Amino acid sequence: SPTISFEYFFTSLTILLNPKEGIRQLLKDSFMVELVEGTRKLRHVFLFTDLLLCAKLKKQIGGKNQQYDCKWYIPLTELTFQGPEEMEPLTIPQVPDEELDAIKVKISHLRSEIQREKRANKGSKVIDRLRKKLSEQESLLLLTSPSMPLRLFNKNGKSYSFLISSDYERSEWREIIREQQQKCVKTPSLTSMELQILTSSCLKLQTVHSIPLSLNKEEDESSGLYGFLNVIVHSASGLKQSLNLYCTLEVDSFGFFLNKAKTRVYRYTTEPKWNEEFEIELEGSQTLRLLCYEKSYNRTKLNKEDADSTDRIIGKGQILLDPQILQGKDWQRTVIPMNGIEVKLSMKFTSREFSLKRMPSEKPMGVFGVKISTVTKRERSKVPYIVRQCLEEIERRGMEEVGIYRVSGVATDIQALKTAFDTNNKDVSVMMSEMDVNAIAGTLKLYFRELPEPLFTDELYPNFAGGITLTDSVAKESCMLNLLLSLPEPNLVTFLFLLDHLKRVAEKESINKMSLHNLATVFGPTLLRPAEKDSKIPSNPTQPISMGDSWSLEVMAQ
């Protein structure tokens, strides 16, 4: 405030913030989404040694500097994660996946444009304008993406709700707050003047300056890895007591982390040996996160903190996906330390241009990598046996599996099923009944991915790609249906058989979290992506990292 003298401001700021006095330091800050009366609001949250402050960035008017406006604060001694017994469940407004993907397409376009302008050495004004647009779209994505609740309660009865994109981040906030609560003592309430000074100081103190949270590379808007990451989760050591344990793997895409794989539960042990391999698709990813959970089998014990999981995180860690280290063909062994526990992993990366090769099979009597018309003719069927068997098993016990088709199956199980189908093993249905349903879904996706040409054929791919860009909805529908009916009969019948199944999966979206749009994201590239000679692969294979955005756009079109 202009009425405060500089000396007074400086003295107050020193008292409020001087760590030597042991009074107040900033521990963590982040952009977060607050849920206010059912509406998503973008906030900047600051955790100090004695309080949590939630602020909003004021709109800049004229040439004024940015300023924060304090929305609320809670002293840490008054903060709890446990709500009252009769607490109302939280209703989270969901943004349709189509809207989220439309934002991602805009972000990809803008990043490509910035790269183009840089190469053309255009003036900085053009690039600044594009960067501003990019920042707006990234803010919108941050506002609309997260849907995992983090609820905070003030002992005076008030409650606040944030939405976070991953369990890893949610547990980070809980841990650091709880840790600090052990150390801090009750402090007097802030006067309005002290609150104003503290809020003003946030601009200087903030450590997170921009959105999205994990991208923001000034000179390279399209950093990250594109392709497939194979991860083997070997074992964990250092546990003090026997527990039922499983791990999940998260990777980032467009600055947000998604759960991509889950190991089986290893029952009651201090040394779990999972030795499970997963294939994870990377979309501009930079970080792999691993969370270790204790499985709770007590259905009556509800977790009041997040209402959606009774399983307890006992450790978590992350590793940067370094392109230089991962470019080799060999497996890279690594250890992720977490809270005294160590988890052993191996990783191998295949960049997108190599993973795109549809290689014809060398086994003429197999089914993987063999033309669909050859297989249906041999089997005297309209739909390949492998497709019928996989869909039947998923319909039997996988329709309510959360993330079915999105969450990776164990690679060794998928390879075992592939071999069984290729050798016409009579026990294949018994094998399937004993396997995790995600491995069966993974086998089906692998079958379509390894067809020597896509189900929608190389010949028709340019027409499908053109059809999707039509703006007139009637013309688009007519064009797509005509193209579909132009497919060879085995391709068409198999696609309709699959589509009928996917429609039933999407009908259970409230349970399995797989909308038609989510399923399209998984199956689009698998069914449409042309063989290598027809896809837009750069001729120089030494640059798999920098081609991200044109790939993102092609994948989204598929």
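The values are calculated or read from the model by the stated rules, or taken from the named source; none is laboratory data. These numbers were taken from a predicted model, which means no experiment stands behind them. Cβ sites come from the backbone with ideal geometry, for glycine too, and all protein chains shown count toward neighbours. Quick note on the areas: whole protein, heavy atoms, side chains included, nothing else; ligands and nucleic acids left out. Shrake-Rupley method; radii C 1.70, N 1.55, O 1.52, S 1.80 Å.
The table below gives the values:
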read-out	value
In order through region 82-98: 3J(HN,Hα) via Karplus (6.51 cos²θ - 1.76 cosθ + 1.60), integer Hz, x for Gly, Pro	8, x, x, 4, 8, 5, 5, x, 7, 9, 9, x, 8, 9, x, 4, 4
Rg/Rg_ref, region 389-504, where Rg_ref = 2.2 N^0.38 Å and atoms are Cα	1.24
Cross-link table Lys295/Lys344; Lys41/Lys104; Lys260/Lys503; Lys104/Lys260; Lys118/Lys348, entries beyond 24 Å C-alpha to C-alpha	Lys118/Lys348
By accessible area with a 1.4 Å probe, ligands and nucleic acids excluded, highest first: order of Ser201, Ser165	Ser165, Ser201
Area accessible to solvent at Tyr293, 1.4 Å probe radius, in Å²	10 Å²
Region 383-450: translational diffusion in µm²/s, Stokes-Einstein, Kirkwood Rh over Cα pairs, 4 °C, 1.567 mPa s	110 µm²/s
Theoretical FRET efficiency, 1/(1+(r/R0)^6), r = Cβ-Cβ of Ile325 and Asn275, R0 22 Å, to 0.05	0.50
Label-point separation, Ser373 to Thr80 (7 Å along Cα→Cβ), nm	7.1 nm
Cut-off under 5 Å, modelled amide H: who pairs with Lys71 long-range	Cys54, Ala55, Lys56
Residue order for Asp322, Asp167 - accessible surface, 1.4 angstrom probe, largest first	Asp322, Asp167
Region 223-284, accessible area per residue, ligands and nucleic acids excluded (1.4 Å, Å²)	36 Å²
Cα point-scatterer Debye curve for region 88-208, base-10 log of I(q)/I(0) at q = 0.13 Å⁻¹	-0.85
Förster-model FRET efficiency, 56 Å R0, Arg397 and Met193, C-beta, rounded to 0.05	0.35
Trp331 long-range amide H proximity, modeled H, under 5 Å	none
Base-10 log of normalised Debye intensity for region 459-510 (one unit scatterer per alpha-carbon) at q = 0.23 Å⁻¹	-0.92
Largest to smallest principal axis extent of the C-alpha atoms in region 131-192, angstrom	44, 32, 22
Region 101-106 - phi-based ³J(HN,Hα) in whole Hz, Karplus 6.51/-1.76/1.60, Gly and Pro as x	5, 4, 5, 4, 4, 4
Backbone HN-Hα couplings from phi across region 272-285 [Karplus 6.51/-1.76/1.60, Hz, Gly and Pro as x]	x, 10, 6, 6, 10, 10, 10, 10, 10, 7, 9, 10, x, 7
Debye intensity ratio I(q)/I(0), log10, region 97-155, q values 0.21, 0.22 Å⁻¹ (C-alpha model)	-0.80, -0.85
